[in-house]
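The values are calculated or read from the model by the stated rules, or taken from the named source; none is laboratory data. Since the structure is predicted, the reported quantities are computational estimates derived from the model, not experimental observations. Cβ: placed from backbone, ideal geometry, glycine included. Neighbour counts: every protein chain shown. Ligands, DNA and RNA are excluded from the accessible area calculation, which covers all protein heavy atoms including side chains. Shrake-Rupley method; radii C 1.70, N 1.55, O 1.52, S 1.80 Å.
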Amino acid sequence: MHIGKTNTLTIARETSVGLFLTDGITDILLPQKYMPKIYEIGEELEVFVYLDHEERLVATTLRPFVQVNEFAHLKVNYMNSFGAFLDWGLEKDLFVPFREQAQRMETGKRYLVYVFLDAQTNRLVASSRIHRFIQNENVNLEVGQEVQVMITHFSDAGVNVIIENKYSGLVFQNQVFDETLKFGKIYTAYVKQVRPDGKVDLSFQKQGLEQIDVAVQKILTELNANRGFLGLHDNSHPEDIKTALKMSKKTFKKAVGQLYKDRRIEIRENGIYLK
C-alpha cells in the first residue's frame, strides 16, 4: 500500500463507519461518506491513501490535485506557528513546514511545491525548495520524445519547465508561439536536445515532418472556420502568424507550400483560399 498515491484495493468487509479495504497485508478504512452506492465484498476500488487528522491511514475516493513525488501549484489556506497548509483537494490540508519554504508563504497565495513522504514522520509534506527535487544527471530522455511539462517561471531566455516531475528544461523564447501559457500549468512538449550538462531544450511543437503535418491541419482548420479564407501570406509579419496560428513563419511557409503542392489552396496577394 503506497501512501500519497492512488491504490487499487479490495473491499474486505463492511462496518458501521465504512468499508475496510485491503491489499492482502494491510487493512484501511474507507469512511462511510466515500462509500460507493453499489458495491460487493471482494470488489476492487481505486482510492487515494493518506494520513487523516489523527495520523491514521485512511482511504478516500476524492482525487487530490497532486500525489507524492509530483510538483503542483497550490494555494495556501492558512498559516500557523508550524508552517503553511495548502489546499490540495482533500479535507486535510497539505503541510509545508517553515524549513521547507523557499520564502515565507502567505495565506491566499499560490506556490509551486513538491510533495514527498517525510522519512522521519512518515507524513506527506510539501516543499517549495523545488530545486532539491529536480534531477540533473542521467537524464533519460530521447530527442523527439513527447513529454508532460509544468511551467515553473518565465525568463528572458524563454519558458522554464519541469519535465515529467524529474528534470528541468527550457523552451527558448523563439519557440514560444502561445501567449496563453500559464505558470503552474501542465502542457505537452517535445524534446529537442539533451545537453551534456543535463539541461534539456524543448519545443511545444512537434519537430520535422510531423511538425509540418500538424501545421497543415491547423491551417486547414482555420480556413474551414473562416469560409475558406486566411489573410496571411509570405509577406505577413511573423507576429501576425504567431497570433493567428501559434506557429513560426518558417513553419507556416512550409505548410502553405505543402498545401499548394497538393493543390488544396490558392495563393493570392491578400491571403490564401481553400480550393
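The residue that is most open to solvent (accessible area, probe 1.4 Å), among those in the range 104-134 that are at pLDDT 95 or above and assigned to a loop (DSSP other than H, G, I, E, B), is ARG104. Of everything in the range 73-93 that is of a type outside the set (A, V, I, L, M) and assigned to a loop (DSSP other than H, G, I, E, B), the residue that is surrounded by the fewest Cβ atoms within 10 Å (Cβ to Cβ) is SER81. For the range 2-51, taking the residues that are in a loop (DSSP other than H, G, I, E, B) and within 25 Å of the chain's Cα centre (by Cα), the one that is surrounded by the most Cβ atoms within 10 Å (Cβ to Cβ) is identified as GLY4.
In summary, LEU223 fulfils each of the numbered conditions (1) over 28 Å from GLN173 (Cβ atoms); (2) open to solvent by 10 Å² or more (accessible area, probe 1.4 Å); (3) within 35 Å of the chain's Cα centre (by Cα) with the single exception of condition (2). Checked against (1) surrounded by fewer than 11 Cβ atoms within 10 Å (Cβ to Cβ); (2) in contact with a Phe, Trp or Tyr (Cβ under 9 Å, 6 or more places away or on another chain), THR180 meets all criteria but (2). Taken over the range 102-128, the criterion of being under 23 Å from LYS166 (Cα atoms), touching a strand residue (DSSP E or B) at 6+ places or on another chain (Cβ under 7 Å) and not aliphatic (A, V, I, L, M) is satisfied by ARG110, TYR111, TYR114, PHE116, ASP118, ARG123, SER127, SER128.
No other residue among VAL139, VAL96, VAL147 is of a type in the set (Val, Ile, Thr), touching an Asp or Glu at 6+ places or on another chain (Cβ under 9 Å) and open to solvent by less than 60 Å² (accessible area, probe 1.4 Å) apart from VAL147. Residues in the range 1-41 that are free of Cβ contacts under 8 Å to residues at least 40 places away in the same chain and among the aliphatic types (A, V, I, L, M): ILE11, ALA12, VAL17, LEU19, LEU21, ILE25, ILE28, LEU29, LEU30, MET35, ILE38, ILE41.
A single entry from LYS185, LYS166 fulfils the requirement of being out of contact with any strand residue (DSSP E or B) (no Cβ under 9 Å at 6 or more places or on another chain), of a type in the set (Lys, Arg) and open to solvent by 10 Å² or more (accessible area, probe 1.4 Å): LYS166.
If the condition is being surrounded by fewer than 15 Cβ atoms within 10 Å (Cβ to Cβ) and over 29 Å from ASN270 (Cβ atoms), then the range 199-220 contributes LYS199, GLN207, GLY208, LEU209, GLU210.
Here's the yes/no breakdown for (1) in contact with a Phe, Trp or Tyr (Cβ under 6 Å, 6 or more places away or on another chain); (2) within 17 Å of VAL176 (Cβ to Cβ); (3) surrounded by 11 or more Cβ atoms within 10 Å (Cβ to Cβ):
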| position | (1), (2), (3) |
| --- | --- |
| HIS233 | no, no, yes |
| HIS237 | no, yes, no |
| MET247 | yes, yes, yes |
| ASP262 | no, no, no |
| ILE265 | no, no, yes |
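Out of all the residues in the range 62-72, is one or more open to solvent by 30 Å² or more (accessible area, probe 1.4 Å) and part of a strand (DSSP E or B)? No - not one qualifying residue is present in the range 62-72.
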